[in-house]
Amino acid sequence: MSLKDRVSILDGNTFVVSDCAGDIEASRTTPTGLFAFDTRFLSRWVLTLNGERLSPISVDDLQYFETRYFLTPGAPTHYVDAKQSVIRQRQIGVHMEERLIVLNHELRAVDVEIRLEADSDFADIFDVKNAEIKRAGEIATFVDEDRLRFSYRRDLFHRETIISSSEPAEICASGISFNVRIEPHGRWITQLEVATVVRPGPRRPSHQSIQAQTRRKRVEMREELGRWLADAPKLVSTWDALTEAYHQGLVDLSALRYVPLISRGKSVPAAGLPWFMTMFGRDSILTSLQMLPFKPELARITLSALGLIQGARLEDFREQEPGKIMHEVRYGESAAFEEQPQSAYYGAADTTPLYVILLDEYERWSGDANTVRDLKVEAYRALDWIDGYGDLMGNGYIWYQRRNTKNGLENQCWKDSLNSISYHDGRLPACPRATCELQGYAYDAKVRGARLARQFWNDPAYADRLEREADELKKRFNRDFWVDDGEYYALALDTDGRPVDALSSNMGHLLWSGIVDEARAQKVVDHLLGPKLFSGWGVRTLAEGEGRYNPVGYHVGTVWPFDNSFIAWGLWRFGFRKEAGRISKGIIDAAKFFNGRLPEAFAGYDRALTAYPVQYPTACSPQAWSAGAPMLLLRTMLGLEPVGDHLVSDPVLPDGIDRIEVHDIPGRWGRTDVVAHR
């Protein structure tokens, strides 16, 4: 099933992926289903009318949690003169609700059989992603008087899917059927409820109670979306693509808010649909950074949630270390039975310094000194991790090497695919590895930690020490990571301390961290905006001419909107405002070809070669830090920076853009407006 044929609706913890007729037919090549808490609760949900499959005429995405399908029986033709048609309206709340309306367009009454084939494989999300369904427990099917129930049990791990209808139905183990007569030009309606039960109890909910719960949740979601959008700053611009991307990003981030069991009912940004609908340390932190001028409360909740499960001991299986910030948490079967380490998993080397960076940047925007004081211990432990467990080689850099050699991540930076870290000639270095951006994050964390220690933690001696360490790290880094032959920063160091010399986008992150030597900044910018890295739509993850370059390779040539938003922010920091505008314009121009919703990644083909950006085949969409990319680009173009209790703006608009206004920007100053004209 291609991306164009996929329809998704979601509510944080629950989501549905179907085809454009609303049907779910899970297979190795079509990872569709109804998912909740990393388990697939429906693997088959196929609607037929008199034994015929239905074809879509139109699909309306009403809200991120609600879709309406207009369908006719049989195969689609150029001239449709259907005798009957179906409106299938699907909504996600606590559970899935589907309203079926069957319309008779004939002058006579008709007898029709309406059938929904149903099944559940209760597959773990990792098995679905890997197209390899493994099952150690038992599935049971129960045909009750008024419902169809699928149950899965493996020891104490128990999940249930309960299907019920507002109209009388014939129920069997493979689905539910309705045999009805519809009067001339009449209609027949039923309300179907599919409950995803994570903790089945002795008394199972009735159709009415499930329906009431779902409707109540849906009302809450509509009201919450309204409040979320109303509370966000208002954008006014002559640049339609920016306006569309900004609005879509806000809607998508509302949809991707996820309530992990550790957050005390508060929501954090989930990473993306369909594979990463859970809290990821890196993704949640970077998305919160992007959203600070627009939704600063995301940062506070993310910091608190991640602090609650900060690493406290040494454990190889989950790669936990004292002070380390979590990478990923899952609630599916494989995590529950420790077949995967994601319960929670700490295999990321960047989340810990990024945690300190977010804490400082959040205070600069919000003035929330109480949160900084409340998280003092967590921040100290994170800073200690950088020089302790983070420095595997004892030479002052952050390195990574997986402790879990069976199913831990080989690469523990944001480019975490197997082939993402390579030499210029394509060879892969041995581990441990020290990628360049990790050192930039460590430098930035020490500088920001020093500010927090001096201003909020009453620890000037510690602040002085952090500043000395940051200065030493910067000097050492600019000596060891600089590639003289080419004049750029290496992607990484190998175990022998030699540069892993591929030319990549990673060095763009060095600019926003501030670790780049001022005298070398121009060379870095020349590479980032040069033809090998800059496609015209954005900066590629790996430059053309590198041994592993592939314009449709996940981390070896594609363009990632989030990556580009931080690169643009770094360019602005070093005074390269027009260059930041070029990147901003390329990414926002690309967004209009995706109806405002930037995907996780798109192909790195040169803009002169394609009339539009080509989406990466399995990219997540929506994805949190892609949805946040227009926000950080907007901050960059307007030059927004908190200075004391004031918001300062130093705008430089991209060529061809006449006006951008943002009203009611929240922060320690209250609310304020920024207006930029050419």
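The values are calculated or read from the model by the stated rules, or taken from the named source; none is laboratory data. This structure is a prediction, so every number in the text was calculated from the model and none was measured. A quick note on method: Cβ atoms are made from the backbone with ideal geometry, for glycine too, and the neighbour counts reach across all protein chains shown. Note: areas computed on protein heavy atoms with side chains; ligands, DNA, RNA excluded. Shrake-Rupley method; radii C 1.70, N 1.55, O 1.52, S 1.80 Å.
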Legend entry - Among the candidates Asn506, Asn478, residue that is surrounded by fewer than 23 Cβ atoms within 10 Å (Cβ to Cβ), under 29 Å from Tyr549 (Cα atoms) and under 34 Å from the mean Cα position of the chain (by Cα): Asn478
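Okay, residues lined up against (1) over 14 Å from Met291 (Cα atoms); (2) modelled with pLDDT under 80; (3) assigned to a helix (DSSP H, G or I):
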{"site": "Leu225", "(1), (2), (3)": "yes, no, yes"}
{"site": "Gln248", "(1), (2), (3)": "no, no, yes"}
{"site": "Leu253", "(1), (2), (3)": "no, no, yes"}
{"site": "Pro260", "(1), (2), (3)": "yes, yes, no"}
{"site": "Arg264", "(1), (2), (3)": "yes, yes, no"}
Inset, instruction - Report, ordered by the first and then the second residue, all pairs with beta carbons closer than 7 Å, sequence separation of six or more or different chains, a first member in segment 550-570 that is open to solvent by 10 Å² or more (accessible area, probe 1.4 Å), and a second member that is not in a loop (DSSP other than H, G, I, E, B). - result: Trp569/Trp512; Trp569/Leu632; Trp569/Thr636
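Just checking: which of the strands (runs of 3 or more DSSP E) contained wholly in segment 24-75 hold 3 or more residues that are at pLDDT below 90 and surrounded by 19 or more Cβ atoms within 10 Å (Cβ to Cβ)? Reasoning before the result, please.
Numbers: elements: 33-36, 39-42, 44-49, 52-63, 66-73.
Per the criteria, no element qualifies.
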Inset, instruction - For Ser422, indicate whether it is in contact (Cβ under 8 Å) with a residue 60 or more places away in the chain, hydroxyl-bearing (Ser, Thr, Tyr) and crowded, with 18+ Cβ neighbours inside 10 Å. - result: yes
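Sort through Val219, Val180, Val112, Val197 and tell me the only one that's touching a strand residue (DSSP E or B) at 6+ places or on another chain (Cβ under 7 Å) and modelled with pLDDT under 95. Walk me through it before giving the result.
Values: Val219 fails: touching a strand residue (DSSP E or B) at 6+ places or on another chain (Cβ under 7 Å); Val180 fails: modelled with pLDDT under 95; Val112 fails: modelled with pLDDT under 95.
Checking each option against the conditions leaves just Val197.
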Inset, instruction - Filter segment 562-575 for residues that are within 15 Å of Ser513 (Cα to Cα) and of a type outside the set (S, T, N, Q) and give the result. - result: Asp563, Phe566, Ile567, Ala568, Trp569, Gly570, Leu571, Trp572, Arg573, Phe574, Gly575
Legend entry - Selected residue [open to solvent by less than 10 Å² (accessible area, probe 1.4 Å) and at pLDDT below 95] from Ala601, Ala608, Ala624: Ala624
Inset, instruction - Scan segment 435-461 residue by residue and report those that are under 15 Å from His509 (Cβ atoms) and of a type in the set (Asp, Glu). - result: Glu437, Asp444
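Say whether the condition of being closer than 20 Å to Arg597 by Cα and free of Cβ contacts under 8 Å to residues at least 24 places away in the same chain is met by at least one residue in segment 232-245.
Yes, some residue in segment 232-245 is closer than 20 Å to Arg597 by Cα and free of Cβ contacts under 8 Å to residues at least 24 places away in the same chain.
Across segment 500-519, which residue is nearest to Ile357 (Cα to Cα) among those that are touching a helix residue (DSSP H, G or I) at 6+ places or on another chain (Cβ under 7 Å) and part of a helix (DSSP H, G or I)? Talk me through it step by step, then tell me what you get.
Restricting attention to segment 500-519, the residues satisfying the condition of being touching a helix residue (DSSP H, G or I) at 6+ places or on another chain (Cβ under 7 Å) are 503, 505-517.
Then drop every residue that is not part of a helix (DSSP H, G or I), which leaves 506-513.
Values: Asn506: 18, Met507: 18, Gly508: 17, His509: 13, Leu510: 14, Leu511: 14, Trp512: 11, Ser513: 9 Å.
Checking each candidate, the answer is Ser513.
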Inset, instruction - Considering (1) touching an Asp or Glu at 6+ places or on another chain (Cβ under 7 Å); (2) touching a residue at least 60 places away in the same chain (Cβ under 8 Å); (3) over 30 Å from Ala136 (Cβ atoms); (4) not in a helix (DSSP H, G or I), say which one Gly408 fails and leave the rest. - result: (3)
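Go through the residues of segment 639-647 one by one and say whether even a single one is within 17 Å of Gly249 (Cβ to Cβ) and under 19 Å from the mean Cα position of the chain (by Cα). First the steps, then the outcome.
Residues of segment 639-647 that are within 17 Å of Gly249 (Cβ to Cβ), as a first pass: 640.
Pick out the ones that are also under 19 Å from the mean Cα position of the chain (by Cα) and you get none.
The answer is no; no qualifying residue exists.
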Legend entry - Filter result for Arg159 (touching a residue at least 40 places away in the same chain (Cβ under 8 Å) and either among the basic types (Lys, Arg) or open to solvent by less than 20 Å² (accessible area, probe 1.4 Å) (or both)): yes
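Tell me which residues, restricted to segment 132-156, are assigned to a loop (DSSP other than H, G, I, E, B) and either surrounded by 15 or more Cβ atoms within 10 Å (Cβ to Cβ) or in contact with a helix residue (DSSP H, G or I) (Cβ under 6 Å, 6 or more places away or on another chain) (or both).
Taking segment 132-156 and keeping what is assigned to a loop (DSSP other than H, G, I, E, B), we get 132-137, 144-146, 155-156.
Listed by number, the residues that qualify are Ile133, Lys134, Gly137.
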Legend entry - Residues satisfying the stated conditions in segment 119-130, i.e. under 13 Å from Ser43 (Cβ atoms) and either charged (D, E, K, R) or outside any helix (DSSP H, G or I) (or both): Asp119, Ser120, Asp121, Phe122, Ala123, Asp124, Asp127
Legend entry - Pairs where the first residue, in segment 288-306, is closer than 10 Å to Leu253 by Cβ and free of Cβ contacts under 8 Å to residues at least 12 places away in the same chain and the second is open to solvent by less than 10 Å² (accessible area, probe 1.4 Å) and outside any helix (DSSP H, G or I), C-beta under 8 Å, 6+ apart: none
